[in-house]
Amino acid sequence: MLESAECGLFEPFFTGNISFIRITNSMSDIAGSTDQSFNSPKPTKDAVFVGIHLAQNRVNVSVVTEHGELLGESSSVYSPAIASSPNGYIETHPEIWWSATRIALGQMMSKARSLVVSPSQLKAVSVCGQPGILLTMDRAGKSLMPAILAEDSRAADVLTGLNYQGQEHCRRRGFPFRSTDAIAKICWIKENFPETYENAIFMHHIDYIIGMLKGEPDVTEYSIAADTGCDLIDEVWPDWLDYDMHLSVRERLPRLVALGSPIGKVSAKASAATGLPAGMSVVMGTASATAAFLAAGTKRPGDFYTEIDDQLHIRGMSRRMISYPNCMVRMFKLPNHIWFFSTESQTGSEWMNVWFDKSMIDAISVEAVKNLPTQYLAYPNVRKNETFPFCSTSAEGFITPATDNRVSQFASCLQGTAFFERLCYDSLKKLADVDASGDIYSGGACCKFDEWMQCRADVTGRVNRRMVSASNAAFGAAMMAAIGAYFNGIEPAVSEMIREDKVFFPNSQLSSTYEDLYGSFISLIESQGFI
């Protein structure tokens, strides 16, 4: 059973290189550490779900109804309390996450009676956060050493043996272990602190918070555990960890379950500490990237969620694991043998601020969209390198034929960004073994422009959906709670809880023109040796 401090508010302070927690008795002691907003002037009669996001320097809480209405948000800011040293140690104390979670939940629940008609409407809670953070506890739930944060690279010396013994595992997942992976940190602890290791169990900070809510940290989720050695394909802790690495670690690790799985109830002790109703369902969470992806609106394999800023960020669902060089396509596990992947390309909208004067963009863009489609073809990459859908250190941007007309240049870059985006989708569709061409769900500053959204729909031939509020990890955690306690799967939860701002349908009258221009664009890319 996990230990926790008595009810009260907590304040982080520092002793030496480790962060500890001091109990305070009033909110004035931590003034400024919590901000909150509550949106509903009238109590809801819907089912209500709570999502907790363990962010880098704060804990965010969202309260969401079954219909996707955001009732309230609360956040508890804390100092990361990181102790860093020249040898790569970056660590903190586990209690800092629980104290911030208690504060954020306590503030939110103090307003709960104005958000809901009845406390029985509060159906479930779930948690998301960054993978790779390792906690070392004894079996009574007491911390044996500071938590090792994801960026900590102390385990570099164990990588040779780890990657040799786990070479088949690394081949299947597509890349070797890194010094920042949790399994490397476990190997380091066994090698450097064998007495501590003998009495240790291991978990992630998400598992720890879930354990504090339900009374025991006995489960983890596949994607959270991937860097700890979990076999994402077979969904097990693999034998080689014990038989080849001689770690005797599998029985020291939590049980593996899928995100959205009901795993317990809020304990009486956690209820007293947070204000959550005792007996409220606790649902398995996942990595914050996956939670944000679910909150973006994608429903099924073939759909993509895309953000366009300086770079192009693409996420989607796959029917199989994707292996791509340099770990440029990162994989996460969803229920029912579906995968979530994430990748970035260097070519986004950076060209706007590099090749054009900011003061003239608004005026020139109005004229430029009138020129679409355009016979001027552009690959608008200002970085002279690319990472996806091809790897190149010399992928320099171009516009052809050459022109001094700034409106034509701008129009060609708008169109060229859409062509490059389509090239990414075409590549991912093959890698992901997806038959259907799904919809594009969009976020990011550039997606505010209707004309560009329409151009992207026309070029890709896909419905383009601009979302009302996309990629909120705490909202995604609340969705996971709803998936586990209310809806039967991801698709019905997304359909009911996520809202669109505007939908852009492909213009069939322009499809043949764009198809020909896209073919010419691909030929130019190939002639440059990029593909």
Handout entry: Restricting the range 345-377 to residues that are touching a strand residue (DSSP E or B) at 6+ places or on another chain (Cβ under 6 Å) and either more than 26 Å from Asp516 (Cα to Cα) or small (Gly, Ala, Ser) (or both), the residue that is surrounded by the most Cβ atoms within 10 Å (Cβ to Cβ)
Key = Gly348
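Restricting to the range 274-294, and then to whatever is within 18 Å of Ser74 (Cα to Cα) and under 13 Å from the mean Cα position of the chain (by Cα), can you tell me which residue is surrounded by the fewest Cβ atoms within 10 Å (Cβ to Cβ)? Please lay out each step first, then the result.
In the first step, residues of the range 274-294 are kept if they are within 18 Å of Ser74 (Cα to Cα); the result is 274-277, 288, 291-292.
Checking which are under 13 Å from the mean Cα position of the chain (by Cα) leaves us with 288, 291-292.
Working: Ser288: 25, Ala291: 29, Ala292: 23.
In this case the residue turns out to be Ala292.
Which strands (runs of 3 or more DSSP E) does the range 331-409 wholly contain that include 1 or more residues that are over 26 Å from Gly316 (Cα atoms)?
Details: elements: 338-345, 377-379, 398-400.
In the range 331-409, 377-379, 398-400 are the strands (runs of 3 or more DSSP E) which contain 1 or more residues that are over 26 Å from Gly316 (Cα atoms).
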Handout entry: Test result for Met321, part of a strand (DSSP E or B) and touching a residue at least 60 places away in the same chain (Cβ under 8 Å)
Key = no
Problem - Qualifying residues in the range 440-453 (those that are surrounded by fewer than 20 Cβ atoms within 10 Å (Cβ to Cβ) and not hydrophobic (A, V, I, L, M, F, W, C)) - the one nearest to Lys299 (Cα to Cα) - result: Gly444
Exercise for the section: Working carefully through the options Ala155, Ala147, Ala140, Ala182, find the one that is under 16 Å from Ser223 (Cβ atoms) and in contact (Cβ under 8 Å) with a residue 12 or more places away in the chain. Expected result: Ala182
Exercise for the section: Give me a count of the residues in the range 408-461 that are out of contact with any Lys or Arg (no Cβ under 7 Å at 6 or more places or on another chain) and among the aliphatic types (A, V, I, L, M). Expected result: 8
Practice task
May I ask you to say which residue of Thr136, Thr65 is more than 25 Å from Lys45 (Cβ to Cβ), hydroxyl-bearing (Ser, Thr, Tyr) and crowded, with 19+ Cβ neighbours inside 10 Å?
Solution key: Thr136
Practice task
Search the range 426-436 for residues being at pLDDT below 80 and surrounded by fewer than 18 Cβ atoms within 10 Å (Cβ to Cβ), and hand back the single one that is nearest to Met317 (Cα to Cα).
Solution key: Asp433
Handout entry: Residue in the range 114-136 that is part of a loop (DSSP other than H, G, I, E, B), modelled with pLDDT of 90 or more and farther than 30 Å from Ile263 by Cα present
Key = no
Practice task
Collect the residues in the range 480-523 that are touching a strand residue (DSSP E or B) at 6+ places or on another chain (Cβ under 8 Å), surrounded by fewer than 17 Cβ atoms within 10 Å (Cβ to Cβ) and outside any loop (DSSP other than H, G, I, E, B), keeping them in residue-number order.
Solution key: Glu500, Asp501, Lys502, Val503, Ser520
Completion exercise
Scanning the range 147-161 residue by residue, the ones that are buried (at least 22 other Cβ atoms within 10 Å of the Cβ), of a type outside the set (Val, Ile, Thr) and more than 30 Å from Met109 (Cα to Cα) total 2
Fill in the blank from the handout: Scanning the range 183-219 residue by residue, those assigned to a strand (DSSP E or B) and closer than 15 Å to Ser261 by Cβ turn out to be Val219
Fill in the blank from the handout: Expected single match for more than 30 Å from Ala278 (Cβ to Cβ) and at pLDDT below 90 among Arg171, Arg154 is Arg171
Completion exercise
All conditions in (1) free of Cβ contacts under 8 Å to residues at least 40 places away in the same chain; (2) surrounded by fewer than 16 Cβ atoms within 10 Å (Cβ to Cβ); (3) among the polar types (S, T, N, Q) are true of Ser271 except (2)
Handout entry: First in the range 508-531 and more than 12 Å from Leu423 (Cα to Cα), second anywhere and in a helix (DSSP H, G or I), Cβ under 8 Å, 6 or more apart
Key = Leu510/Asp458; Ser511/Asp458; Tyr514/Asp458; Tyr514/Val459; Leu517/Gln415; Leu517/Phe419
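Table: residues versus (1) of a type in the set (Asp, Glu); (2) in the same structural domain as Tyr425 (by TED's automatic domain parsing); (3) surrounded by fewer than 17 Cβ atoms within 10 Å (Cβ to Cβ).
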| residue | (1), (2), (3) |
| --- | --- |
| Asp303 | yes, yes, no |
| Leu312 | no, yes, no |
| Met317 | no, yes, no |
| Asn326 | no, yes, yes |
| Phe332 | no, yes, no |
Problem - Counted residues, the range 220-256 - those being surrounded by fewer than 17 Cβ atoms within 10 Å (Cβ to Cβ), assigned to a strand (DSSP E or B) and touching a residue at least 24 places away in the same chain (Cβ under 8 Å) - result: 1
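The values are calculated or read from the model by the stated rules, or taken from the named source; none is laboratory data. No experiment lies behind these values; they were computed from the predicted model shown. In this analysis, Cβ positions are derived from the backbone assuming ideal geometry, glycine residues included, and neighbour counts consider all displayed protein chains.
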